[in-house]
1. Going by what's in this entry, would ASN37 be described as open to solvent by 40 Å² or more (accessible area, probe 1.4 Å) and either within 10 Å of the ligand (Cβ to nearest atom) or touching a residue at least 40 places away in the same chain (Cβ under 8 Å) (or both)?
2. Of everything in segment 125-169, what is among the aromatic types (Phe, Trp, Tyr), within 15 Å of ILE186 (Cα to Cα) and more than 16 Å from the ligand (Cβ to nearest atom)? Give them in sequence order.
3. Exactly one condition in (1) open to solvent by 10 Å² or more (accessible area, probe 1.4 Å); (2) within 19 Å of the chain's Cα centre (by Cα) is not met by SER241; state its number.
4. May I ask you to verify whether PHE261 is in contact with a helix residue (DSSP H, G or I) (Cβ under 8 Å, 6 or more places away or on another chain), among the aromatic types (Phe, Trp, Tyr), in a loop (DSSP other than H, G, I, E, B) and in contact (Cβ under 8 Å) with a residue 40 or more places away in the chain?
5. For segment 83-95, which positions are within 15 Å of the chain's Cα centre (by Cα) and part of a helix (DSSP H, G or I)?
6. Across segment 46-74, which residue is farthest from the chain's Cα centre (by Cα) among those that are surrounded by fewer than 22 Cβ atoms within 10 Å (Cβ to Cβ), farther than 28 Å from MET1 by Cβ and within 14 Å of the ligand (Cβ to nearest atom)?
7. What strands (runs of 3 or more DSSP E) completely inside segment 264-345 contain at least 2 residues that are free of Cβ contacts under 8 Å to residues at least 60 places away in the same chain, in contact with an Asp or Glu (Cβ under 6 Å, 6 or more places away or on another chain) and not polar (S, T, N, Q)?
Amino acid sequence: MEKVNVGLVGLGWPGQRHAEGVQGSDLGQLYAACDLNAARRETFAVKYAPQRLFADYDEMLADPSVQAVVISLPNSLHFPTTLKALHAGKHVLCEKPPTLNAEQMRQLRNEADSRGLIYFFGRQMRFSGSVQAARRAVAERRLGEIYFAKTMWVRSRGTPGGIDGWFTDRSRAGGGVVIDLGVHAIDAAWYLMGTPKPRTVSAQTYQKFPQLVKAPVFDVEDSADGMIRFENGSSLLFEVSWAANLPDDIPLGKWGSRELFSTVVHGPKGTIRIVDVLQLHPSEKIPALTLFEDRNGKLETVELPFEPVPHEFVPQMQNFLRAINGVEPPINSAVQAVKLMEILDAIYESSLRGHEVVLS
Ligand SMILES: NC(=O)c1ccc[n+]([C@@H]2O[C@H](COP(=O)([O-])OP(=O)(O)OC[C@H]3O[C@@H](n4cnc5c(N)ncnc54)[C@H](O)[C@@H]3O)[C@@H](O)[C@H]2O)c1
């Protein structure tokens, strides 16, 4: 297999993790890096030593040595930058959310398909040890036919800002906590459920705590909940918040306020629960992966062992680069990105209209 020259654009927290992903993979070469912000560029260059540094991503895309681009920019730039990269003949790994809506994502899927390029959306948590072990338990039919799941990523106080407050600005983020944490929470359950086709969505978004942060613009939701029904008869309840007065059954998060990212998937033979322990305060001792199993009518609790993955961005990058080499399909595919964005569109539409939305 051939090593792929990777160019990164956007050098904040996820951009740096992707650099480590490239360096941790035997198939990638950290060739170029780009950011508008000179201080971030310089700090990045000292730590990761890419061969070329850019302030302008058009210039990076014009470099024929760049074969694949990893985009970690504010959300509103995901679509135009991915489109430009595909037009320039580059494979793309773009951070979540894939785009601002499903229509944009359909365009990217068609563009990548027609050019024979790989499109991949960033969802590193699919590659964690606990999620992979849960997938194996589902595949071994330890749950039976999945009929229901409940997923949440809730914070009592944890509204993000980004480099200049873009996370709470609809024109640059496309939405609030739904498009930010909701993508992770919903995908965590949807992936374990086998990515069934969504049929209806009923949801409500709220904006109750803008006063907690000093944001130049705050015109997005800071919490939401809802229900998604799938064509196979299963359903998913979700709850997300950047800020809420959460009760004390929600544990302490790593920043000291309450926080929980947990996904529970039910089948008649067993229920599996995944807790993202990376988000927890060190004082909290909740197991990462637990199976609640029916054994001849008796409910047993089994802590499932799994091989921890020290850095989830490494196997994610490895899958992207192997997909470019044509040896395995991309796990975070364009087809799934379209479906995820359809779910997100329907959540916002349902909230706006005040009733359930039927997906076509
Ligand atoms: N996978 C994850 O767990 C995870 C975690 C955090 C953020 N994200 C996603 O990553 C993306 C970036 O988030 P972040 O937290 O790094 O935001 P950030 O604001 O910290 O960083 C964005 C970077 O993009 C740069 N930038 C903005 N416009 C640019 C342009 N036109 N050309 C070049 N550089 C430009 C900024 O200077 C900044 O360094 C978001 O889409 C977010 O949803 C994913």
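1. Yes.
2. Passing the criteria: only PHE148.
3. Against the list (1) open to solvent by 10 Å² or more (accessible area, probe 1.4 Å); (2) within 19 Å of the chain's Cα centre (by Cα), SER241 comes up short only on (1).
4. It is false that PHE261 is in contact with a helix residue (DSSP H, G or I) (Cβ under 8 Å, 6 or more places away or on another chain), among the aromatic types (Phe, Trp, Tyr), in a loop (DSSP other than H, G, I, E, B) and in contact (Cβ under 8 Å) with a residue 40 or more places away in the chain.
5. Of all residues in segment 83-95, those within 15 Å of the chain's Cα centre (by Cα) come to 93-95.
Residues satisfying the conditions do not exist here.
6. For segment 46-74, the residue satisfying everything is GLU59.
7. Qualifying strands (runs of 3 or more DSSP E): 298-303.
To keep it simple, each residue is scored yes or no on (1) crowded, with 19+ Cβ neighbours inside 10 Å; (2) assigned to a helix (DSSP H, G or I).
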{"position": "THR81", "(1), (2)": "yes, yes"}
{"position": "PRO97", "(1), (2)": "yes, no"}
{"position": "LEU100", "(1), (2)": "yes, no"}
{"position": "GLN107", "(1), (2)": "no, yes"}
{"position": "ASN110", "(1), (2)": "no, yes"}
{"position": "VAL131", "(1), (2)": "yes, yes"}
{"position": "ALA137", "(1), (2)": "yes, yes"}
{"position": "ARG141", "(1), (2)": "no, no"}
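The values are calculated or read from the model by the stated rules, or taken from the named source; none is laboratory data. If you're wondering where the values come from, they're calculated on a predicted model, not measured in any experiment. Here Cβ is always computed from backbone atoms with ideal geometry, including for glycine, and neighbour counts include all displayed protein chains. We work out accessible area using only protein heavy atoms, side chains counted, and drop any ligands, DNA or RNA first. Shrake-Rupley method; radii C 1.70, N 1.55, O 1.52, S 1.80 Å.
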